[in-house]
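The values are calculated or read from the model by the stated rules, or taken from the named source; none is laboratory data. Computed from a prediction, not measured in an experiment: that's the story for all the values here. We place every Cβ from the backbone using ideal geometry, glycine too, and count neighbours over all the protein chains shown.
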Amino acid sequence: MSGVLSGAPAARPARSRLRFEGDMRGLMALPALLFMGIVFALPLGLLLAKSVQGADGLTLNGYARVLGDAYYRGVIWDSLTLAFRVTLISLLVGYPAAYALARTGGVMQVLLFSLVFLPLTVSIIVKTFGLTIMFRREGILNWLLINTGLTDGPIRFVFTEMSLVIGMVNVFLPFMILPLYSVIRMLDGRYLDAAATLGAGPFTTFRRVVLPLTMPGIVAGSSIVFAISVAAYVTPGLLIGERYMTMSMVMAKAFLNFRDYQLGSAMACVMLVIALSIVFASSFLTRSLEQRGGR
Amino acid sequence: MATAARILSAIILALVLIFLIMPIAIVIPISFSPSTIFSFPPTGFSLRWYENIRNADGILRALWLSTQIAGLSTAISLLLGTLCAIAIVRGFIPGGRLVATFMTSPLMIPGLVLGIAMLQAAREIGLRDGYAALLLAHVVVTMPFIMRTVLASLALFDFAMVDAARMLGCSYPAALWRVLVPNILPGFVSGALFAFIVSFDNYPVSIFLVDVRTKTLPIQLLNQLEMSPDPTLAAVATIMVVLTILALLVCDRLVGLKRMAAV
Amino acid sequence: MNRSKISRRSILAAAGTAAAVTGFPSILRAQTREIFIGGPASPGLTDVLFPLIEKKHNMKILFEGTNSLINLEKIRNNKDRPTMTVTMMDDPVLVLAQREKLIQKLPAEVTTLADLPALAKPADGMWANWCQPMCSASHNTQKVKGVASYADFWDKTYRDGLILISMRITQAVAPLLAATQLATGKPLAECLKLADEGFGKLRELRPNILQVSTNAPQAQQLLETGECLAYLAPDSRTTLFRKAAGAPVDQSYPKEGVIAMPAGVALVANGPNRDLGVTFINELLNPETQAMVAKTFYSKPTNTKTVLPAGLTFPDMVVLDWEYFADNRNKWIERFEREVAAR
Amino acid sequence: MTSVARPAPASGRPPAYLQVAQLTKRFGSATVLHDLNLTVEKGEFVSLLGPSGCGKTTLLRLIAGLMRPETGRIVIADRELTRVPAHKRQVGVVFQNYALFPHLTVAENVAFGLTNQRRSRDEIKRRVGEALQLVRMAPFADRSVSALSGGQQQRIAVARAIVVEPAILLLDEPFSALDRKLRETMQIELRHILRDLGITSIFVTHDQDEALVMSDRIAVMNEGQIEHLGTPADIYTSPKSLFVLEFVGLSTRLGGTVVSSHGGEVEVETAFGRMRAPAQFRPGSPVVVAVRPEAISIGESEGDGRNVVRARLTDVVYLGAKTQLHLRGERSGDLIQAEIARLPPGGLPSGSELALTWRVEDTMVFPAPASAAS
């Protein structure tokens, strides 16, 4: 799962001379490209083209409305920082979890792996219902806090920014753990031994050996969690509603309530550009790290 | 210190698993609650919400439809995506990295935008069949997940094996089938599981494409919830969890979860 | 090893057979006596009302319960060849549908229209209101002992205790008008045209707002469990239905008044099976059905000849100019999001 | 295209077993093979030797059918293969990293080609057994291939390729993944097996020693062309070009200009003085004079028929069976390498001036490379 979003395989770039094998195998990509071109790119392109359609000819008015409005700039900023926070926490929590998961063996690993996988199969609606039940004033979280004496009275968790972030981490964490897990799994224990015999302390070993080697997994997991968090629509709607507006919610309003395709499409384009640049940046990052790491 | 780190990461893993499972685990007892509200902990035991499912028209049909759409769209993505991924990895086409990004880009589009775009395009070309429209859209939704796992698996695959099989008398397609497919099967399975789940749980794209005869499970569930906001939903969720565990067991039988976990 | 191989094979074989036997859903279906209706997903429709009409008129109702705006989007995209015969939506959305010529005027064959007051036949009978659910607020009976006035909600006892429905949803008119009433002191009935003056007061409600929700079931769940004290505002269709099911919730009747939600029914322009649609609407509006509607949907019937079932009463309700609402809604959504909902 | 002549058999001689004629292969704008011709006789072991990028692997893949040429033809045993897809060519290949199938056992790997030929179960079993016997891997039949060592994997790869009795066997640097010691044993073992079976083989390598040890004939390739096709001895003793000389074995090379030419002998003016060599060049031509280190003797008299240089000894490298001397010319600073069987009694002090001589017959002359000439 390394090089995930960056697409082209990181491990072994195809030898360029193979590119021109004088047969028709390039056609293998054709069905998928045609399909995605017609079913995905074309309809989306037509919709997004409306971002520059004005009453009379082409206009950048839609972008002016999105980027020129402090409120919408705030929404974009909020969406990005939310996705960033979710990604960062998922990484910080997911990395050690994936590490421990990869280091267990046998039946235990299969069991734990299934436990990471299971939540993915439960509808997001059900999960948010479960989360709100946990977060209630009389919920488990408050019960724990009060009984351990950390707080005197119940704290409000539901529909706070904190519960939004925690909830989104809950929903998207498996998308971080699984790519990390597959990369850490391939990590050869001998590297660690070698580092240890060279006198490196555990922290140095981690920073100089483990971290660079698992970087493809970090970038893959982070870029996918970031992409799906920033585009998420149902999840933040259920976790906090309109008190924390995201780009997706603005698009929903523009397309459904206002039928203002210029606004909605402009917002969608802004988001696509941001997401794509992050993906390209991460793919670039992986590549340069791999070249530096000599792998 | 190293041991400390190991213990710490094991503790974090345990906490993470509790955290991931908790919201689901809470919903399960509620499904057996006699109360009409989502009260936790439940105050008794009853199967009334399960009986309610049997009465709730359409949930089973929706479950079957979602299974079909998820299964078929995953299969189509798998076929098209794998062929495309091979062409990318082998450099049969120029601009492989760009093509790969294109194939994974539906991930970055909010489902709602995709849904509206596809609804309009479908009507534009006269496609009115809900089943077909859903299927096409779900192939788009599942494609990124297939692409990412298959590309990663192919990166670790030695294509000389395909050449070797050809030299031993297999045509190119036969060589792919007999050598490439068995060797990246774990990647296929985990990619397919991801894709299946993403399709199965898709709400924002489907909502624009479902019609009265073809309603997928998430749509039907939300519908059900709006028509009777009671723990029937919890009962359905519990059944889904049980079905998932069964599916995981089947996967274990088919390929072995251990191999699956390998990618 | 061997054993597992065998079982793998048998599972595959079983799966293959299952797929072959069940196959795809048959596309051929009886085309007669089927009518496709789009409308809100509301308790009582598919489980009580429709089976009755289906039985009486030997028809099959295919119902798609979804958000009005998504419903409208689909009607719009199917304009060239509509599949839907009847649509059930709130008046402000029907106003939009009418402007885009997506619905057609109810024909004279809908004889029961004669018994409806003019207010229940907007735009010269382009559509009809088949009932008027009450919209004010809904509260948790274990935490709140009745609501005397909308002003109560501004009290600090409701801190973090209110869920407001999103302005994108029609029922959000209730808190907006309540705020306007408190701000201007004018009767609720006059407040719609003054609603811009209500935003300041609505803003003051912010410390009490737990959430601005677009997901009604989730809000309902929080209200029922007491996490939230009051919910502004689901209408009586949901609240009283849930009350009857045993949930600790009740409709609030503040002294300022209760707003009549306009549940409309219309014929889709050029829809198929028009005569079935006419039969359906006629049936929906006739006094006997209306009595049943009143009981099932906890909503005031619109047919004046209806005899209310014993024990069922409805207060006088404020009827709004939904055309005006439709014209101003986008502006209010924008103001609501920026001034009230925003952190 | 139509003008491509059938590789005409020389009158009286039967056509060669493998004929590659006028083969050209381009990758985009880069031409990797230019109009290449090669013939191989039945049962021969021919090496394609050359630096990486010279086109040897491309030639192998063209013969295998894994690539298609722009022009030219490939004929094996009178069968025109140019348009035949890879899987119908009956060509066996041993790949660089063996490309064994990890999802199959050793025996299943070897049986792979036979099952494609729809052989009977008994026949497959018998032939797989024989092939494994041949490569001394019979006890490993049911092992997983990933559990094998590099040398064992290579044996399996060979068994898998030869069990189908291919018309020709292609080997793509099959020893590159093995360590030196194992490589040497495997080279000899493989050579024996192939010779016993009489399989015609083409072997790609960039290792000159490997090529010299194993081959009946060697084709030294450079920039998409075969510069010299000949027996190992031929290649070593009379390389056809400076490139072949440099690529195979050590040599001392001195630049110079032809001053006179008569009777099949030239005289060349170099920084070390005049030298004679058996060759024909126009006087004035810029040339390179070369000599193999083992042809050089030390301190012998400047008799007739010998070329002489004087140089100062800089290094003595003891290599066991022989000793290598590194010397530097007094005036020019050119480096000279010589090899002697044993050091003279008393040794050779570093810095001492020596007279080096070699026979005129051992002197080779090549046209100077274009860059040096200008």
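The table below lists the values:
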| quantity | calculated |
| --- | --- |
| Number of positions in the range C:99-134 that are under 22 Å from C:Asn67 (Cβ atoms), in contact (Cβ under 8 Å) with a residue 12 or more places away in the chain and surrounded by fewer than 22 Cβ atoms within 10 Å (Cβ to Cβ) | 4 |
| Only one of D:Val164, D:Val220, D:Val213 that is in contact with a strand residue (DSSP E or B) (Cβ under 9 Å, 6 or more places away or on another chain) and closer than 30 Å to D:Met364 by Cα | D:Val220 |
| Complete set of residues in the range B:168-201 that are in contact with a His (Cβ under 7 Å, 6 or more places away or on another chain) and either surrounded by 24 or more Cβ atoms within 10 Å (Cβ to Cβ) or in contact (Cβ under 8 Å) with a residue 12 or more places away in the chain (or both) | B:Asn183, B:Ser199 |
| Those residues of the range D:37-82 which are among the hydroxyl-bearing types (Ser, Thr, Tyr) and within 13 Å of chain A (Cβ to nearest Cβ), in sequence order | D:Ser52, D:Thr57, D:Thr58, D:Thr71, D:Thr82 |
| Filter pass, D:Gln324 being out of contact with any Asp or Glu (no Cβ under 8 Å at 6 or more places or on another chain), within 28 Å of D:Pro51 (Cβ to Cβ) and not hydrophobic (A, V, I, L, M, F, W, C) | no |
| Complete set of residues in the range A:38-58 that are of a type outside the set (A, V, I, L, M, F, W, C), more than 24 Å from the chain's Cα centre (by Cα) and more than 16 Å from A:Ala254 (Cβ to Cβ) | A:Pro43, A:Asp56, A:Gly57 |
| Residue match in the range C:107-119 (condition: of a type outside the set (D, E, K, R) and either in a strand (DSSP E or B) or within 10 Å of chain B (Cβ to nearest Cβ) (or both)) | no |
| Residue pairs meeting the criteria (Cβ under 8 Å; at least 6 apart or on separate chains; first in contact (Cβ under 8 Å) with a residue 40 or more places away in the chain and over 15 Å from B:Tyr203 (Cβ atoms), in the range B:90-116; second among the charged types (D, E, K, R) and outside any loop (DSSP other than H, G, I, E, B)) | B:Arg90/A:Arg25; B:Thr104/B:Arg148 |
| Residues of the range D:48-73 satisfying the condition of being among the aliphatic types (A, V, I, L, M) and either more than 11 Å from D:Ile168 (Cβ to Cβ) or more than 21 Å from the chain's Cα centre (by Cα) (or both) | D:Leu48, D:Leu49, D:Leu59, D:Leu62, D:Leu66, D:Met67 |
| Selection from the range D:33-45 of residues that are surrounded by fewer than 21 Cβ atoms within 10 Å (Cβ to Cβ) and in contact with a Phe, Trp or Tyr (Cβ under 7 Å, 6 or more places away or on another chain) | D:Glu41, D:Lys42 |
| Index of the failed condition, B:Ser33 passing every other in (1) within 9 Å of another protein chain (Cβ to nearest Cβ); (2) buried (at least 18 other Cβ atoms within 10 Å of the Cβ); (3) more than 27 Å from the chain's Cα centre (by Cα) | (1) |
| Filter result for C:Ala269 (crowded, with 24+ Cβ neighbours inside 10 Å and touching a residue at least 60 places away in the same chain (Cβ under 8 Å)) | no |
| Residue list for the range A:126-154, restricted to those being of a type in the set (A, V, I, L, M) and closer than 17 Å to B:Ala234 by Cα | A:Val126, A:Leu131, A:Ile133, A:Met134 |
| The range C:303-324 - residue that is more than 19 Å from C:Val95 (Cα to Cα) and either in contact with a Cys (Cβ under 6 Å, 6 or more places away or on another chain) or hydroxyl-bearing (Ser, Thr, Tyr) (or both) and, of those, modelled with the lowest pLDDT | C:Thr313 |
| Cβ pairs under 8 Å, 6+ apart, first in the range A:219-234 and at the interface with another protein chain (Cβ under 7 Å from one of its Cβ atoms), second hydroxyl-bearing (Ser, Thr, Tyr) | A:Ala231/A:Ser248; A:Tyr233/A:Thr246; A:Tyr233/A:Ser248; A:Val234/B:Tyr203 |
| Residues that are out of contact with any strand residue (DSSP E or B) (no Cβ under 9 Å at 6 or more places or on another chain) and within 14 Å of chain B (Cβ to nearest Cβ), drawn from the range D:112-141 | D:Phe112, D:Leu114, D:Thr115, D:Asn116, D:Gln117, D:Arg118, D:Arg119, D:Ile124, D:Arg127, D:Val128, D:Ala131 |
| Count - residues of the range C:243-266 that are out of contact with any helix residue (DSSP H, G or I) (no Cβ under 7 Å at 6 or more places or on another chain) and either surrounded by fewer than 22 Cβ atoms within 10 Å (Cβ to Cβ) or part of a helix (DSSP H, G or I) (or both) | 6 |
| Residue satisfying condition, being over 30 Å from B:Gly96 (Cα atoms) and without any contact (Cβ under 8 Å) to a residue 12 or more places away in the chain, within set A:Leu239, A:Leu256, A:Leu263, A:Leu276 | A:Leu256 |
| The range A:54-77, residues that are surrounded by fewer than 18 Cβ atoms within 10 Å (Cβ to Cβ) and within 12 Å of another protein chain (Cβ to nearest Cβ) | A:Arg65, A:Asp69, A:Ala70, A:Tyr71, A:Gly74 |
| Verdict on A:Gly264 being closer than 30 Å to C:Leu210 by Cα, within 10 Å of chain B (Cβ to nearest Cβ) and either of a type outside the set (Val, Ile, Thr) or in contact with an Asp or Glu (Cβ under 7 Å, 6 or more places away or on another chain) (or both) | yes |
| Tally of residues being closer than 30 Å to B:Gln68 by Cβ and of a type in the set (Phe, Trp, Tyr) across the range B:155-202 | 5 |
